[in-house]
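For reference, the structure discussed in these notes is given below.
Just so it is clear, none of the values below were taken in a lab; they were calculated from the coordinates. Since this is a predicted model, take the numbers as computed values, not measurements. Note that we place each Cβ from the backbone using ideal geometry, even for glycine, and neighbour counts take in every protein chain shown.
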Amino acid sequence: MGEAIAILSGKGGTGKTSVCAGLSTALAQDGKKVLCLDCDVGLRNLDISLGLEQAPALSFLDVSQGGYTLEQAAAHPDFPGLFFLTAPMNCPAGAIDPAAFGEMLHTARERFDYVLLDAPAGIDAGFHLAAAYADRILLVTGPDPAAVRDACRTGEQLELMGKIGVRLIVNRVDSDLIYAMNLTVDDVMDRSGLPLLGIVPEDYNVTLAAAFSKPLLSYTKRGAAAACCRIAKRIEGYPVPIALR
Ligand SMILES: Nc1ncnc2c1ncn2[C@@H]1O[C@H](COP(=O)(O)OP(=O)(O)O)[C@@H](O)[C@H]1O
Ligand SMILES: [Mg+2]
C-alpha cells in the first residue's frame, strides 16, 4: 500500500509546487511509482514545474467523478513511473466532493508507491482536501519570520485536525542571509515547533528550469535538485544526513 503525502504551507510562494515537483521526480528517479496531483484549484501550476505545460492532462476531478481512470493520468516522458493529474479550472475547491476525492486517493494508494498532493496556500477548502486524506504532511516554509509564523499556525491547525507526524521543509535557505539574520535552521525549527525533514537552498535554477519548461532534476543535479533527491531518500526511509550542500 502506497503513501499519500500532502505538501502544504500557510503562506503562499514558499515553494510548495517547486518542492512537490522536485520530490516527485526524485522519487520516480529512484524507481518508485509516483502520482503527482495538483490540488491548487484555480491557480494550478504544478504542470510548469514538472515540465508538462504542453502535455494534455486530465484533472483529478475527471477521475474522482468517475469519467476517467487513474491509468489515464498523464505519464511523464522523462521520468518513467511518474504520472500527473492537474487541478480542475472551473470548479471551486469547496464544491469538490471530499468523499469521492478520498475514494480516488484510496485507489491511488493501492496502485502507486507515493501520491504527492500539491496544496494551495492558506487553510481553506483546498488545504483541507489535500490534508484530510494524507498519510504524511510536509510543511514548506521559508526562513523568514512571516513564513515561519504561518507554518507554526498551520501546524496547529493540522494538530486540531488530528494530523500527527507533520514534518518541516525549510526552502530557499541562503547561508549568507541566515547568517545576517543571526539565525540557524534549528531556530526555524524551534520557532515553528515542528521537526525538520530537510532544507533546500536558494537556487535560481528552480526558476530557470520552470522558465525553460524543464523539470528541475532534468535541468541540474546540484543545489535545490540535489536537496530534493536527499529529502526523497529520507521519505523512502534512508538515513541521509541533513545538509545544505
Ligand atoms: N529553492 C528555491 N530557490 C529559488 N527560487 C525558488 C526556490 N523554490 C521556489 N522558488 C521560486 O519561488 C516562486 C514560488 O515557488 P512555488 O513553488 O510556486 O511556491 P508555492 O507553490 O508555495 O506558491 C517561484 O518563482 C519559484 O521558482
Ligand atoms: Mg503552488
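Give a quick list of trypsin sites (Lys or Arg not before Pro) in segment 1-48 that DSSP marks as loop, anything other than H, G, I, E or B, with at most 16 other Cβ atoms within 10 Å. Could the numbers behind the result be given before it?
Working: sites: Lys11, Lys16, Lys32, Lys33, Arg44; in loops: Lys11, Lys32, Lys33, Arg44.
Taking segment 1-48 and a limit of 16 other Cβ atoms within 10 Å, the loop trypsin sites (Lys or Arg not before Pro) found are Lys33.
Cα gyration tensor of segment 100-245, axes a ≥ b ≥ c as square roots of the eigenvalues: rounded (a/c below 1.5), prolate (a/b > b/c) or oblate? All intermediate terms of the calculation are to be shown ahead of the outcome.
Working: a/c = 1.72, a/b = 1.21, b/c = 1.42.
The shape class here is oblate.
Where does each of Asp174, Asp186 land when they are ranked from fewest to most other beta-carbon atoms within 10 angstrom?
Details: Asp174 15, Asp186 9.
In increasing order of surrounding Cβ atoms, one gets Asp186, Asp174.
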Sequence of Leu197, Leu160, Leu168 once ranked by neighbouring C-beta atoms within 10 Å, starting from the fewest: Leu160, Leu197, Leu168
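Could you tell me whether segment 160-245 comes out rounded, prolate or oblate from its Cα gyration tensor? Rule is a ≥ b ≥ c as square roots of the eigenvalues, rounded for a/c under 1.5, then prolate if a/b exceeds b/c, otherwise oblate.
Details: a/c = 1.86, a/b = 1.30, b/c = 1.43.
Oblate, because a/c is 1.5 or more while a/b does not exceed b/c.
How do Met1, Met104, Met189, Met89 rank when sorted from fewest to most other Cβ atoms within 10 Å of their own Cβ?
Values: Met1 8, Met104 23, Met189 17, Met89 11.
Ascending Cβ contact count within 10 Å gives the list Met1, Met89, Met189, Met104.
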In whole Hz, the Karplus estimates of ³J(HN,Hα) for segment 15-20 (6.51, -1.76, 1.60; θ = phi - 60°; x where Gly or Pro) are x, 3, 5, 4, 5, 4
Let me know the shape class of segment 3-235, please: from the alpha-carbon gyration tensor, a ≥ b ≥ c as square roots of the eigenvalues, rounded when a/c is under 1.5, otherwise prolate if a/b is greater than b/c, or oblate. oblate
For segment 105-120, in order, what is each residue's ³J(HN,Hα) by Karplus, 6.51 cos²θ - 1.76 cosθ + 1.60 with θ = phi - 60°, in whole Hz (x at glycine and Pro)? 5, 4, 5, 4, 4, 6, 10, 10, 6, 9, 10, 9, 10, 8, 8, x
If you fit an axis through the alpha-carbon atoms of helix 145-160 and take the longest principal axis of the Cα set of the chain, what angle between them do you get, 0 to 90°, nearest 10? 50 degrees
Lys and Arg at +1, Asp and Glu at -1: add these up for the other residues within a Cβ distance under 10 Å of Ala93 and post the number. -2
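Over the chain, calculate the relative contact order: mean separation of alpha carbon pairs under 8 Å at least 6 apart, over the residue count, as a percent. Walk me through the intermediate numbers first.
Values: 488 pairs, mean separation 68.1, N = 245.
About 28 percent, as a whole number.
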Tabulate in residue order the Karplus-calculated ³J(HN,Hα) for segment 227-232, using 6.51 cos²θ - 1.76 cosθ + 1.60 with θ = phi - 60°, rounded to whole Hz; enter x for Gly and Pro. 5, 5, 5, 5, 5, 4
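What's the longest uninterrupted piece of the chain once you rule out the chymotrypsin sites (Phe, Trp or Tyr not before Pro) that are loop residues per DSSP with at most 11 other Cβ within 10 Å?
Values: sites that count: Tyr204, Phe212.
Formally, the longest exposed-site-free interval is 1-203.
So what is the calculated 222 nm ellipticity per residue for the chain, using -39500 (n - 2.57) for each DSSP H run with n of 4 or more, over all residues, to the nearest 500 deg cm²/dmol? Working shown, then result.
Values: 11 runs with 99 residues, N = 245.
Helix contribution divided over all residues of the chain: -11500 deg cm²/dmol.
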Residues of type lysines that Lys233 reaches as a straight line, Cα spacing below 24 Å, ignoring anything fewer than 8 places off in the same chain: Lys16, Lys32, Lys33, Lys163, Lys214, Lys221
Return the long-range amide H neighbours of Ser59 (sequence gap of 5 or more, or a different chain), with a cut-off of under 5 Å between placed amide H atoms. Thr86
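How about segment 186-242: which trypsin sites (Lys or Arg not before Pro) there are in a DSSP loop, with at most 12 other Cβ atoms within 10 Å of their Cβ?
On the way: sites: Arg191, Lys221, Arg222, Arg230, Lys233, Arg234; in loops: Lys221, Arg222.
Here the sparse-neighbourhood loop sites are Lys221, Arg222.
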